[in-house]
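Report on one structure; see the data block that follows.
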Amino acid sequence: MNRWLDRSITLLILALIGWAGWSLLHWLLVGADWSVVTTNLPLYAVGSFPADQRWRPLLWMAVLITLTLLTLVGPKRGWVRRWLPLAWIAMAPLGLWLLAGGLGLLPVGTRSWGGLTLTLLLTGGSGALALPLGILLALGRRSDLPVLRWSSAGYIELMRAVPLIAVLFFGQLLIPLFLPPGLEINRVLRAVVAFALFAAAYIAEDVRGGLQAIPPTQREAAAVLGLSPVQTLQLVVLPQALRIALPSLTNQAVGLLQNTSLMAILGLVELLGISRSLLANPAFIGRYLEVYLWLAAVYWLACTAMALLARHLEFQLDPVRSSR
Amino acid sequence: MRRRNLFIQLGISIALLALLGLLINNLAVNLIRTGLGLGFGWLARPAGFALAESALPFTPSDSYLWALTIGWLNSLKVIVAGLVLATVLGVAAGAARSSGNRLLSSLAGGYVALIRQVPLLLQLLFWYFVAFLGLPAAPMGGLIKLSNQGIQLLGLNLSVEFCAVLVGLTVFTGASIAEIVRGGINAVPRGQWEAFRSLGLAEGLGLRRIVLPQALPAILPALTSQYLNLAKNSTLAIAVGYADLYAVSDTTITQTGRAIEGFLLLLLSFLLLNLLISGGMAAFNSAVLGRLNRSR
Amino acid sequence: MTVAILASDLVKSYTPGLRALDGVSLQVTSGEVLVVMGPSGSGKSTLIRTFNGLETLDSGELDVLGVRLDAAHEERQVRAIRRRVGMVFQQFNLFPHLSILENITLAPIKVQKRSKPDAAARAIALLDQMGIGEQAHKFPAQLSGGQQQRVAIARALALDPEVMLFDEPTSALDPERVKEVLDAMRQLAKRGMTMVVVTHELGFAREVADRVMFMDQGQVVETSDPQTFFTSAREERSRRFLSQMM
Ligand SMILES: Nc1ncnc2c1ncn2[C@@H]1O[C@H](COP(=O)(O)OP(=O)(O)OP(=O)(O)O)[C@@H](O)[C@H]1O
Ligand SMILES: [Mg+2]
């Protein structure tokens, strides 16, 4: 009786999957009109960056892809491996310089930044700011000094209680109100700061989890060797805690990448924002499904690449496994 | 040593207060410059905008305060419905993933992997513009009447905006809940499954009566944080034009220019929502755990 | 003969009213091996952890290598003492994310500011001396307990300490691994290191100790040379403890 039920469920599901797969395939090949994607590929990649300067964001993404491939399938030893971490760290400043210009390059305003380039830059920039801030907050929350402990905990809990869109809105509308009159920061930077302030609270909790997992005897062993508290933190405690926190930090990074799409609501033209403006164009009216499927594929790829990179890093940092 | 700590703390306090003071000073200067000032008197003024959806009567001549209240109720409506549906979907998918049926478990696995790698906002737009607005204009179906004007379910009239947000939140949160449920189920010792099977209990019954109750203590705390996430994520409703708390606040701020006050109200209402959810979950938690402990 | 550690009337309690150390006085001279014994909870760990400032005192006077460590000592004084006093724990406490070599060279490079090659050469020599020279590039998780404990000893010795403290260094080891660690400690004693060793290894105490100190309930019950202690202990409490051990 049970087995019959099992079999009929299986058959039913198989039939459903087959039907859905067939209609999707049919639509993809016959029904869909992909011109909305194919004619706008440059927009999706670099936004409305001036045509003669497009090589700059494209170059940046090419470097990014090369680094990803080198990291995942490149040589296991040698000078390439040794320089990879440094190259990764240099990616954010390189991107800023290539996009904004200056130092010999033609300056380009942030209004012309867009597409996948802007999505990646928002993710990388805010991640690079949020990680150190999150680590500081986590340390603050575990500090012996009550003032530091309370203010860190207050900040973390407040940030975790409010929706991201409210924080981003705060960044776009309210940060200018809190700055001295005359001082202005541009929209992209404001977005990066708001994202970083938000993500730091979540990162702090992950790092705190890692810190809690380090037995106090590790600190004692370091102290007994004469290491100062700062050295103990830097050389003994943090490396271990960050490694423990890495899987959850990866989830945060993937979440951050996905959340940059919220900037579309506030008028930035990253991947989703570009799509919204394209869909408002009479030439592409009603092409929702094509655009959304295409976007889903791009996000899915980017998130998966990120998760793979993180898994790779996890492996690299595991001393026993990587030394074999 | 202790004296040094005191000095450090004093220094930190002064620095924090100075930063706060500087920000507030800048704010004051900016507010004077724009001639707005701070105050909540505007809350009583007529809103002047209509809301597509309201649980209680609302006309444009009603006050901003009332508009915000309606928005809050709309948020509550979609959140509560989302919590229930996402839990059902999540538990079903989580159970399917740990079930013996390989097809069922890989289907659930595919669902989780796909949904979690695509931004929620994109999913919401898909449900709204493709799934619900793609329905025919003339109602179809019997018990449930579907059309791109809205959904009729047993005399209940649901707007397409509400449905899109509800389905989007349910599908997205359900994937996270499925992972939590799977983790909880896997933490129950294998011996428990063998035990109920050897007693001749059916798979489904054993799962419901033996395994899930034991997995609950591990599942509930993680579930609470997913519920809070769902509540926070419901603010993305603004992207499909559902008049939730955030959307109404946004309109209000744009119309009145009262960014600071509007933002504070938004924060307060959100804290209230969070308290409701965590309070409810804590009560549920202790009730369930209490019953589990007593029955042991 | 110079005095390495001089303690008088040490008092320490973790919970009010319960004294982990209740008026302990003792003297350790340079080059001497003092073995500390006593039932569980008698305050042995607490005592030797005060010798390098891991525990603070409530009252009493403590002088380690000419530096005063009393109730109001300064953080910097403690760190100065820690470079000159090595410590080995029951649970090894190696740094799992660092290789064996890095575990040993960390403090010499970061604290004593020695050059990397210099520190590495010294580390290899110490590992050879411990009989585990070929393990230098492995990680702690890849070694047996006995090997890990010998690394921990090498790590402490790398700072060229004047005094070594051992807190039950063999209690977490499999019985067949105990000997290799005790042998390393025996060698160290032979070369004239000042040592304070908390241990229940009677053979080691009988053979290596210059004096045996017996503690109970935070107090020193008796201190004798091993010969006297093991054959004709003065106090009833010591005799009862010994009869349980043998
Ligand atoms: N961190 C602590 N907090 C509270 N009480 C403690 C702490 N460390 C030790 N104690 C108490 O102090 C007393 C002495 O403990 P200590 O660890 O020095 O004993 P010991 O002789 O080393 O015992 P063992 O042979 O079990 O290691 C015990 O009563 C113990 O419970
Ligand atoms: Mg002890």
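The values are calculated or read from the model by the stated rules, or taken from the named source; none is laboratory data. Predicted model, so just to flag it, every value in this text is computed and none were measured. Virtual Cβ from ideal backbone geometry, glycine too; neighbours counted across all protein chains shown.
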Note on region B:224-255: residues of a type in the set (Gly, Ala, Ser) and either in contact (Cβ under 8 Å) with a residue 12 or more places away in the chain or closer than 16 Å to A:Leu266 by Cβ (or both) are B:Ala231, B:Ser234, B:Ala237, B:Ala239, B:Gly241, B:Ala243, B:Ala247, B:Ser249
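Yes/no matrix, rows are residues, columns are (1) at pLDDT below 85; (2) in contact with a strand residue (DSSP E or B) (Cβ under 9 Å, 6 or more places away or on another chain); (3) on the phi < 0 side of the Ramachandran plot:
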residue	(1), (2), (3)
A:Leu98	no, yes, yes
A:Ser126	no, no, yes
A:Ile135	no, no, yes
A:Arg141	no, no, yes
A:Val167	no, no, yes
A:Phe178	yes, no, yes
A:Gly182	yes, no, no
A:Arg190	no, no, yes
Kindly list the number of the only condition in (1) of a type in the set (D, E, K, R); (2) in a helix (DSSP H, G or I); (3) closer than 29 Å to A:Ala297 by Cβ that fails for A:Asp33.
(2)
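So, in region B:50-69, how many residues would count as being surrounded by 11 or more Cβ atoms within 10 Å (Cβ to Cβ) and in a loop (DSSP other than H, G, I, E, B)? First the steps, then the outcome.
So in region B:50-69, the residues surrounded by 11 or more Cβ atoms within 10 Å (Cβ to Cβ) come out as B:50-55, B:58-60, B:62-69.
Then drop every residue that is not in a loop (DSSP other than H, G, I, E, B), which leaves B:50-55, B:58-60, B:62.
Counting residues in region B:50-69 that are surrounded by 11 or more Cβ atoms within 10 Å (Cβ to Cβ) and in a loop (DSSP other than H, G, I, E, B) gives 10.
Can you tell me which of A:Leu122, A:Leu148, A:Leu136, A:Leu118 is away from chain B (no Cβ under 14 Å) and assigned to a helix (DSSP H, G or I)?
Of the residues listed, the single one that is away from chain B (no Cβ under 14 Å) and assigned to a helix (DSSP H, G or I) is A:Leu118.
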Given the condition more than 10 Å from every other protein chain (Cβ to nearest Cβ), part of a loop (DSSP other than H, G, I, E, B) and closer than 24 Å to C:Val36 by Cβ, answer yes or no: does some residue in region C:91-100 qualify?
no
When residues of region A:50-108 are limited to those that are in contact with a helix residue (DSSP H, G or I) (Cβ under 7 Å, 6 or more places away or on another chain) and among the aromatic types (Phe, Trp, Tyr), the one surrounded by the most Cβ atoms within 10 Å (Cβ to Cβ):
A:Trp60
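Which residues, taken from region C:26-51, are assigned to a strand (DSSP E or B) and near ligand 1 (Cβ under 9 Å from one of its atoms)?
Residues of region C:26-51 assigned to a strand (DSSP E or B): C:26-29, C:33-37.
Within region C:26-51, just C:Val36 meets the criteria.
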Just give me the residues in region A:151-195 being within 7 Å of chain B (Cβ to nearest Cβ) and either without any contact (Cβ under 8 Å) to a residue 24 or more places away in the chain or not in a helix (DSSP H, G or I) (or both), in sequence order.
A:Ser151, A:Ala161, A:Val162, A:Pro163, A:Ala166, A:Leu173, A:Leu174, A:Leu177, A:Phe178, A:Leu179, A:Pro180, A:Pro181
Please go through region C:7-38 and give me each residue that is in contact with a helix residue (DSSP H, G or I) (Cβ under 6 Å, 6 or more places away or on another chain), within 19 Å of C:Glu201 (Cβ to Cβ) and either within 13 Å of ligand 2 (Cβ to nearest atom) or modelled with pLDDT under 95 (or both), ordered by number.
C:Val36, C:Gly38
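So which of C:Arg177, C:Arg206, C:Arg237 ends up being assigned to a helix (DSSP H, G or I), of a type outside the set (A, V, I, L, M, F, W, C) and touching a strand residue (DSSP E or B) at 6+ places or on another chain (Cβ under 8 Å)?
Values: C:Arg177 fails: touching a strand residue (DSSP E or B) at 6+ places or on another chain (Cβ under 8 Å); C:Arg206 fails: touching a strand residue (DSSP E or B) at 6+ places or on another chain (Cβ under 8 Å).
One residue alone meets the criteria, C:Arg237.
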Here is a list of conditions, (1) away from ligand 1 (no atom under 14 Å from the Cβ); (2) touching an Asp or Glu at 6+ places or on another chain (Cβ under 7 Å); (3) of a type in the set (A, V, I, L, M), and C:Leu54 meets all of them except one; can you say which number that is?
(1)
Only one of A:Thr232, A:Thr250 is surrounded by fewer than 21 Cβ atoms within 10 Å (Cβ to Cβ), touching a residue at least 60 places away in the same chain (Cβ under 8 Å) and not hydrophobic (A, V, I, L, M, F, W, C). Can you tell me which?
A:Thr250
Residue check, C:Glu61 out of contact with any Cys (no Cβ under 8 Å at 6 or more places or on another chain), within 16 Å of ligand 2 (Cβ to nearest atom) and not in a helix (DSSP H, G or I)
no
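For every residue, the table says whether it meets (1) at pLDDT below 90; (2) more than 10 Å from every other protein chain (Cβ to nearest Cβ); (3) surrounded by fewer than 16 Cβ atoms within 10 Å (Cβ to Cβ).
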{"site": "A:Gly267", "(1), (2), (3)": "yes, yes, yes"}
{"site": "A:Pro282", "(1), (2), (3)": "yes, yes, yes"}
{"site": "A:Ala302", "(1), (2), (3)": "no, no, no"}
{"site": "A:Leu308", "(1), (2), (3)": "yes, yes, yes"}
{"site": "A:Ser322", "(1), (2), (3)": "yes, no, yes"}
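So is C:Glu180 farther than 23 Å from C:Thr46 by Cα and either within 19 Å of the chain's Cα centre (by Cα) or surrounded by 14 or more Cβ atoms within 10 Å (Cβ to Cβ) (or both) or not? Step through it out loud before you land on a result.
Details: farther than 23 Å from C:Thr46 by Cα: yes; either within 19 Å of the chain's Cα centre (by Cα) or surrounded by 14 or more Cβ atoms within 10 Å (Cβ to Cβ) (or both): yes.
So C:Glu180 fits the description; yes.
Mind checking whether some residue in region B:27-43 is outside any helix (DSSP H, G or I), within 14 Å of another protein chain (Cβ to nearest Cβ) and either crowded, with 17+ Cβ neighbours inside 10 Å or in contact (Cβ under 8 Å) with a residue 40 or more places away in the chain (or both)? Step through it out loud before you land on a result.
The first filter runs over region B:27-43 and keeps only residues outside any helix (DSSP H, G or I), leaving B:35-40.
Still in the list and also within 14 Å of another protein chain (Cβ to nearest Cβ): B:35-38.
Then drop every residue that is not either crowded, with 17+ Cβ neighbours inside 10 Å or in contact (Cβ under 8 Å) with a residue 40 or more places away in the chain (or both), which leaves B:36, B:38.
Yes, the conditions are met somewhere in region B:27-43.
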Assuming C:Arg83 fulfils every condition listed in (1) within 16 Å of ligand 2 (Cβ to nearest atom); (2) within 9 Å of another protein chain (Cβ to nearest Cβ); (3) not β-branched (Val, Ile, Thr) apart from one, which condition is it?
(1)
Of the candidates C:Arg79, C:Arg68, the one satisfying the condition of being touching a strand residue (DSSP E or B) at 6+ places or on another chain (Cβ under 9 Å), away from ligand 1 (no atom under 15 Å from the Cβ) and charged (D, E, K, R) is C:Arg68
Specify which of the listed residues (C:Ala158, C:Ala123) is touching a residue at least 40 places away in the same chain (Cβ under 8 Å) and either under 18 Å from the mean Cα position of the chain (by Cα) or more than 16 Å from ligand 1 (Cβ to nearest atom) (or both).
C:Ala158
Out of the residues in region C:180-194 meeting the condition of being assigned to a loop (DSSP other than H, G, I, E, B) and of a type outside the set (Gly, Ala, Ser), tell me which one is farthest from ligand 1 (Cβ to nearest atom).
C:Arg191
Considering every residue within region C:195-202, establish whether at least one is surrounded by 14 or more Cβ atoms within 10 Å (Cβ to Cβ) and in a helix (DSSP H, G or I).
yes
Across (1) more than 9 Å from chain B (Cβ to nearest Cβ); (2) small (Gly, Ala, Ser); (3) over 15 Å from the mean Cα position of the chain (by Cα), A:Ala253 clears everything bar (3)
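In region C:167-177, is there at least one residue being away from ligand 1 (no atom under 16 Å from the Cβ), more than 21 Å from the chain's Cα centre (by Cα) and surrounded by fewer than 18 Cβ atoms within 10 Å (Cβ to Cβ)? Let's see the steps before the verdict.
Pass one, region C:167-177, residues away from ligand 1 (no atom under 16 Å from the Cβ): C:174-177.
Remaining after also requiring more than 21 Å from the chain's Cα centre (by Cα): C:176.
From the residues that got through so far, the ones that are surrounded by fewer than 18 Cβ atoms within 10 Å (Cβ to Cβ) too are C:176.
Yes.
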Please go through region C:5-25 and give me each residue that is within 15 Å of ligand 1 (Cβ to nearest atom) and either surrounded by fewer than 19 Cβ atoms within 10 Å (Cβ to Cβ) or not in a strand (DSSP E or B) (or both), ordered by number.
C:Val11, C:Ser13, C:Tyr14, C:Thr15, C:Pro16, C:Gly17, C:Leu18, C:Arg19, C:Ala20, C:Asp22, C:Gly23
